[in-house]
Amino acid sequence: MEKAALRLDEEEVIDLPVASGTDKQQAIDIQGLRAATGLVTLDPGYANTAETTSSVTFIDGEAGVLRYRGYPVDQLVDHSSFLEVAYLLDNAELPTDEELDYFRNRVSEHCALPKGFEKVLESVPDGTHPMQKLAVSVTLLGSSRSDRPKGSEAYVSDFIRLIAMMPTLVAWSYRSGHDQVYIKPDPDLGYVANFLNMTFHPGQGDYRPTEAHIKAMEALLILHADHGQNLSTSAVRLVGSGRTDVYSSICAGVLALSGPLHGGANQRVIEMLEEILAAGGNTRLFMDRAKDREDPFRLMGFGHRVYKNVDPRALIIKRYARDMVDKNSSRLFDLAMRLEKEALADDFFVSRRIYPNVDYYSGIIYQAMGFPTEMFTVLFALGRLPGWLSQLREMMRESNAPIKRPRQLYTGYPKRDFPTRSDR
Ligand code: CMC
């Protein structure tokens, strides 16, 4: 299809061009609609709106397909590393050995926080959620640059700097709230092992993360690395379209991710499973609540705007969860599997095509690795960072990327005259 006809009334029909994407995806291009007709479109939640073209990530929600720059995500999990995937997302191609070495070395050079920066996180009020700490510190990282290069080199340098420092910030955002000493980065360990070391090192003596933990963490980070125009990525693009600095745009992504309908769901899944266990394992009660239209409760970790048959990330994560569960986490894992089975046999969920999403089993792995629940969404942010950065760069490469400014359909009062106070 090259054109779509829009009938406005009996006489007036206008043709709208149809744009084509990869794998037969198509979109009606309405860029000329308002100029031609005076009309705008109404699409709350953008469920039918492609806000941009993008060549970073391909998703087929009906078939449960996810590819980064063309590569199926399961192949990347099996054969690649998170750093390599970060490079791929931004550069569109996998790195050669030399390119990867160069990238790794540059990341290693920048993983320490700027001098004195540890104090920032020590001074936030007790009880501040690690996501809020992360948002604050990411913003402040932008202002702690005295050596900022100009032009396209500035972006490359911010990209490296953020990818390099994020594990340090995430680890410290946790430890600083638990009166634990700051563990300096040791890039020789490798990106993921260094992150686990900074998070879990007891402060004295030896600590080495296990190979199984490193592998699972790599897999989780890769699976979270990008996901098209999701809420947090859209927030990054939206804020960036006003030409903010990279750090402010990424801060917007962190804050958008923290909501329970988005990345915050991974924390809520474990809280929900624990609540069910505390209620004697009565899943029926919670299923009934989720189905009750008067009750705002939802089954956390279920449902997705795009995936309507299966979330391919959830399948891979469930496999890792099965391998990782220990005595402590097996009760939650067994319960999670029981709840999934019951939901997938229930007409409410089947008819609405609601399946476990990426957040359903990830917390079980994080918990088995020793992460406290409040850290789960921060780990999502660590994984999503290269996606945010790559999407931001993609947008900024467009010549004259427009500021994002949706229209609205105003439904408030028509014009009325100002009444004196005695007439109100
Ligand atoms: N539990 C109970 N009912 C649900 C759920 C759920 N988890 N998800 C959707 N529904 C129902 C919803 O109530 C609605 O019912 P009805 O047709 O009777 O009004 C119908 O299914 C469609 O839901 P929706 O909210 O219109 O669908 P959406 O595409 O706008 O929302 C979602 C997608 C992810 C926000 C939603 O499924 C949800 O709230 N899930 C729980 C939170 C969650 O797990 N979020 C993580 C999403 S995946 C990772 C990420 O993107 O961050």
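Of the candidates VAL246, VAL269, the single residue that is farther than 26 Å from VAL77 by Cβ and among the hydrophobic types (A, V, I, L, M, F, W, C) is VAL246.
Checking ARG284, ARG293 one by one, the residue that is within 11 Å of the ligand (Cβ to nearest atom), over 24 Å from the mean Cα position of the chain (by Cα) and modelled with pLDDT under 95 is ARG293 and no other.
Looking at VAL269, VAL239, just one residue is among the β-branched types (Val, Ile, Thr), within 12 Å of the ligand (Cβ to nearest atom), within 30 Å of LEU169 (Cβ to Cβ) and surrounded by 14 or more Cβ atoms within 10 Å (Cβ to Cβ), and that residue is VAL269. When the range 287-301 is limited to residues that are in contact with an Asp or Glu (Cβ under 9 Å, 6 or more places away or on another chain) and closer than 28 Å to GLY383 by Cβ, the one that is surrounded by the most Cβ atoms within 10 Å (Cβ to Cβ) turns out to be GLY301. Among the conditions (1) in contact with a Phe, Trp or Tyr (Cβ under 6 Å, 6 or more places away or on another chain); (2) touching a residue at least 40 places away in the same chain (Cβ under 8 Å), VAL107 misses just one, which is (1). Does LYS404 satisfy being farther than 30 Å from ASP245 by Cα and in a loop (DSSP other than H, G, I, E, B)? For LYS404, the condition - farther than 30 Å from ASP245 by Cα and in a loop (DSSP other than H, G, I, E, B) - is not met. Taking the range 207-228 as the search range and keeping residues that are surrounded by 19 or more Cβ atoms within 10 Å (Cβ to Cβ) and not in a helix (DSSP H, G or I), which one is nearest to the ligand (Cβ to nearest atom)? Here the answer is HIS227. Looking only at residues of the range 44-73 that are among the charged types (D, E, K, R) and buried (at least 18 other Cβ atoms within 10 Å of the Cβ), we find that the one that is farthest from TYR355 (Cα to Cα) is ARG69.
Hey, any hits in the range 363-376 for a residue that's within 10 Å of the ligand (Cβ to nearest atom), assigned to a helix (DSSP H, G or I) and crowded, with 16+ Cβ neighbours inside 10 Å?
no
Within the range 377-391, the set of residues being among the hydrophobic types (A, V, I, L, M, F, W, C) and either within 16 Å of the ligand (Cβ to nearest atom) or surrounded by fewer than 24 Cβ atoms within 10 Å (Cβ to Cβ) (or both) comprises VAL378, LEU379, PHE380, ALA381, LEU382, LEU385, TRP388.
Here ASP347 passes the criteria (1) buried (at least 24 other Cβ atoms within 10 Å of the Cβ); (2) within 13 Å of the ligand (Cβ to nearest atom); (3) within 22 Å of GLY281 (Cα to Cα) except the one numbered (1). When VAL40 is tested against (1) in a strand (DSSP E or B); (2) of a type in the set (A, V, I, L, M, F, W, C); (3) surrounded by fewer than 15 Cβ atoms within 10 Å (Cβ to Cβ); (4) in contact (Cβ under 8 Å) with a residue 60 or more places away in the chain, only condition (1) is not met.
If we scan the range 247-258, do we find a residue that is aromatic (Phe, Trp, Tyr), more than 8 Å from the ligand (Cβ to nearest atom) and either touching a Lys or Arg at 6+ places or on another chain (Cβ under 9 Å) or within 30 Å of THR233 (Cβ to Cβ) (or both)? Looking for residues that are aromatic (Phe, Trp, Tyr), more than 8 Å from the ligand (Cβ to nearest atom) and either touching a Lys or Arg at 6+ places or on another chain (Cβ under 9 Å) or within 30 Å of THR233 (Cβ to Cβ) (or both), one finds at least one in the range 247-258, hence yes. Screening the range 78-124 for helices (runs of 4 or more DSSP H) wholly inside it with 2 or more residues that are under 19 Å from ALA193 (Cβ atoms) returns the ranges 82-91, 97-109.
Any residue at all in the range 93-105 that's out of contact with any Cys (no Cβ under 7 Å at 6 or more places or on another chain), at pLDDT 90 or above and surrounded by 18 or more Cβ atoms within 10 Å (Cβ to Cβ)?
yes
The values are calculated or read from the model by the stated rules, or taken from the named source; none is laboratory data. What you see is a predicted model, and the numbers here were worked out from it, not measured in a lab. Neighbour counts are summed over all protein chains in view; Cβ atoms, including those assigned to glycine, are modelled from backbone coordinates with ideal geometry.
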